Amino acid sequence: MKTLILHGWGGSDEPHWQAELAAKIAKNYGTVSFPLLDNCHFPSKNRWVKQVKIILEEFKPDTVVCHSLANTLWFWLCQDEIFETTGQIKRLFMVSPPSLTTKEDTIKTFFPCLLPQKLYADRVEMIVSDNDPYIEITEAKAISKKYNIPLHIIKNAGHINVDSGYGKWKFIENLVIG
């Protein structure tokens, strides 16, 4: 398995669960790409789309793990023609996607975002918290319903990041690594 881990706004360096997951995959001789996306504190949708398209073409992942803004990035990629040449991936894990109508000024180039027709993955799972400040649970449920994908709702997990206590995270490790 080749796993691509895509961080959100500001990155996901150690001790974030994405950094821990990348390390765990590598320690078990797995193939992982965990790139620092361009100017992560002041991201541009167009730059991130361009950068990840190159990664998808060259790395050819089987599995993609998105956190936060990376989910919105994935939605934009799904509206591009990239998957016509790369084909779809086997597994997509969407963790803490922000609202499609987020109004945060620093990341305004990503919003508003329409849901794509297709997510270009054979299997998709979405994981959210019931008290995420960036998305209402009703919107998360509507997204999972549109794509008919499993939705895991974690109680009181905030944005499922370091600030809400998510460094090493067995649940995601078990889903991704098995």
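Computed from the coordinates by the stated procedures, all read-outs in this text should not be read as laboratory data. If you're wondering where the values come from, they're calculated on a predicted model, not measured in any experiment. Reconstructed Cβ throughout: ideal geometry from the backbone, glycine too, with neighbour counts over all protein chains shown.
Figures for the structure shown
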quantity	calculated
Flag if PHE59 is farther than 18 Å from GLU125 by Cβ and over 12 Å from the mean Cα position of the chain (by Cα)	yes
Odd one out for VAL32, checked against (1) over 30 Å from ASP105 (Cα atoms); (2) surrounded by fewer than 17 Cβ atoms within 10 Å (Cβ to Cβ); (3) free of Cβ contacts under 8 Å to residues at least 40 places away in the same chain	(2)
Selected residue (only one of ALA157, ALA140 is in contact (Cβ under 8 Å) with a residue 40 or more places away in the chain and either of a type outside the set (S, T, N, Q) or assigned to a helix (DSSP H, G or I) (or both))	ALA140
